[in-house]
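**Q** Encoded as structure tokens, here's the structure I'll be asking about.
The values are calculated or read from the model by the stated rules, or taken from the named source; none is laboratory data. The shown structure was predicted, so the numbers you read here are calculated from the model rather than taken from an experiment. Please note: Cβ atoms are built from the backbone with ideal geometry, for glycine as well, and neighbour counts cover all protein chains shown.
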Amino acid sequence: MANLFIRTNIAPYRVDTYNALHERLDMKMCFYRRKGKAQMFDIDQLEGQCTFQPVYLKGIRLKSDNRKICLGLWRMLWQERPKIVIVPEFQISAMQVLLFRWLTRRKFKVVSMTDDSYDMIANNNDFTQLHAWLRTHTAKYFDDFIVVTPEVERWYQQYFHRGIWLPIIMDDAKAEANYDRLLQLSRQLAERYGLIGKKVLLSVSRLVDLKNLHRVIDAFEQSKSDAILVIVGDGPEREALEQHAKSINKKVLFTGRFDGDELYAWYNLSNVFILASYLEAFGAVTNEALLAGSRVIVSRKAGSSCLVNEENGELIDPIDVECIAEAIDRQMALASIPNLEAARKSLMTVSFEERICNVVNKLKNEGENGKY
């Protein structure tokens, strides 16, 4: 007998969460696919970080890469007899689990793990209208929700009297040790790209429209900062962004995509990190930057805005270029050039251990008290 966890795929920024849920809730970890089409990270290396053996579900994939009818799911539910099943948001597999419970009258807790930001649920700013419709019409059938911001938790508590806040963050101690280990690689990157002694405004993202990088470039041009804007990532917008960057009188460096150690090493070089998306469910990069001791500028539309306060950065209206430029100046004035001889102190104000313990304790206690 084992509890079940179902998700689309393993993600680097959630390995610590998955490991903790597996170990503390005795969960069998199941995924739709081994690797997503748009994901370029080393899956073998990622699986090596897992304390569990992932189960990859077979099934029939529908129009979207994330919509899949999972074959054998009901058999697994029958055999494992779980007390808790964590499902991905309001996807088809979640509906399969709910239907199984209704048909068999089995008593187990169905928990939706949803990444929706408050902007998405309160302002009808979803990625798709289907997702919004499913949330509206099926949320009442779930026993609880694991959500990424306190505002979303309050929203679910208000309308459904359920909700547990667990942001998309990494284990603090492990991450800080990792950034310390990567200092030599960070120095090598600084030398390779001519960044020794330079101030760096860093962006790490897919180069797509919703990341709002054209406005970031315009704001960077308007700012008084003498920093270099470093954009780490790749995507369909790269050529247009590079042409845009050539039209301004400041240096913008496009490095291309990195993953693993070479990606995380960039955060050690960042004075200020910027995430200015006009639509962003969470934005795990904010956590990655703060753990490396970088100050941050984050869109109010992003779920990861819940990690930001006046001690570690500020929030911006992603549509207001002047606002973004002023934020760059303020945060650069507060930031110092990183000393690559020693890792900086983390600027995170939210504890991974505290948040994961809260989730585990609530799910365990509710199950033991027979609340479902």
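**Q** If residue 180 satisfies all but one of (1) touching a helix residue (DSSP H, G or I) at 6+ places or on another chain (Cβ under 9 Å); (2) within 30 Å of residue 339 (Cα to Cα), what's the number of the condition it fails?
**A** Going through the list (1) touching a helix residue (DSSP H, G or I) at 6+ places or on another chain (Cβ under 9 Å); (2) within 30 Å of residue 339 (Cα to Cα), residue 180 breaks only (1).
**Q** Determine whether segment 298-308 contains at least one residue that is surrounded by fewer than 21 Cβ atoms within 10 Å (Cβ to Cβ) and either in contact (Cβ under 8 Å) with a residue 24 or more places away in the chain or of a type in the set (D, E, K, R) (or both).
**A** Yes, the conditions are met somewhere in segment 298-308.
**Q** Here's another thing I want to ask about it. Please state which of the following conditions residue 290 fails to meet, knowing it meets all the rest: (1) outside any helix (DSSP H, G or I); (2) within 20 Å of residue 206 (Cα to Cα).
**A** (1)
**Q** Among (1) surrounded by fewer than 22 Cβ atoms within 10 Å (Cβ to Cβ); (2) of a type in the set (Val, Ile, Thr); (3) farther than 27 Å from residue 20 by Cα, where does residue 164 come up short?
**A** That leaves (3) as the condition not met.
**Q** State which residue is farthest from the chain's Cα centre (by Cα) when the search covers only segment 78-118 and only residues that are β-branched (Val, Ile, Thr) and over 30 Å from residue 298 (Cα atoms).
**A** 104
**Q** Test residue 201 against the criterion of being farther than 22 Å from residue 324 by Cα, at pLDDT 95 or above and not assigned by TED's automatic domain parsing to the domain that holds residue 356, and give yes or no.
**A** On the way: farther than 22 Å from residue 324 by Cα: no; at pLDDT 95 or above: yes; not assigned by TED's automatic domain parsing to the domain that holds residue 356: yes.
No; evaluated as a whole, the condition is false for this residue.
**Q** Then there is this: Looking at (1) on the phi > 0 side of the Ramachandran plot; (2) at pLDDT below 90, can you tell me which one residue 60 breaks?
**A** (1)
**Q** Looking at (1) surrounded by 17 or more Cβ atoms within 10 Å (Cβ to Cβ); (2) under 19 Å from residue 323 (Cα atoms), which is the only condition residue 250 fails?
**A** With respect to (1) surrounded by 17 or more Cβ atoms within 10 Å (Cβ to Cβ); (2) under 19 Å from residue 323 (Cα atoms), residue 250 is out only on (1).
**Q** A further question follows. Do we find that residue 265 is touching a residue at least 24 places away in the same chain (Cβ under 8 Å) and either under 27 Å from residue 339 (Cβ atoms) or under 18 Å from the mean Cα position of the chain (by Cα) (or both) in this structure?
**A** Criteria met by residue 265.
**Q** Report, ordered by the first and then the second residue, all pairs with beta carbons closer than 6 Å, sequence separation of six or more or different chains, a first member in segment 69-93 that is within 29 Å of residue 121 (Cα to Cα) and aliphatic (A, V, I, L, M), and a second member that is at pLDDT below 90 and part of a loop (DSSP other than H, G, I, E, B).
**A** That search, which allows pairs on different chains as well, returns 92/67.
**Q** If you don't mind, there's one more thing I want to ask. All but one of (1) modelled with pLDDT of 95 or more; (2) under 22 Å from residue 264 (Cβ atoms) hold for residue 35, so report the exception by its number.
**A** Residue 35 satisfies every listed condition except (1).
**Q** If you don't mind, there's one more thing I want to ask. Looking at this structure, is residue 68 in the same structural domain as residue 135 (by TED's automatic domain parsing), among the basic types (Lys, Arg), over 25 Å from residue 136 (Cα atoms) and buried (at least 16 other Cβ atoms within 10 Å of the Cβ)?
**A** Numbers: in the same structural domain as residue 135 (by TED's automatic domain parsing): yes; among the basic types (Lys, Arg): yes; over 25 Å from residue 136 (Cα atoms): no; buried (at least 16 other Cβ atoms within 10 Å of the Cβ): yes.
It is false that residue 68 is in the same structural domain as residue 135 (by TED's automatic domain parsing), among the basic types (Lys, Arg), over 25 Å from residue 136 (Cα atoms) and buried (at least 16 other Cβ atoms within 10 Å of the Cβ).
**Q** List every residue pair whose Cβ atoms lie under 7 Å apart, where the two residues are 6 or more positions apart in sequence or sit on different chains, the first residue falls within segment 191-209 and is more than 14 Å from residue 254 (Cβ to Cβ), and the second residue, located anywhere, is at pLDDT below 95 and among the hydroxyl-bearing types (Ser, Thr, Tyr).
**A** So the pair list comes out as 199/225.
**Q** With respect to residue 334, determine if the residue is of a type in the set (A, V, I, L, M) and in contact with a helix residue (DSSP H, G or I) (Cβ under 6 Å, 6 or more places away or on another chain).
**A** no
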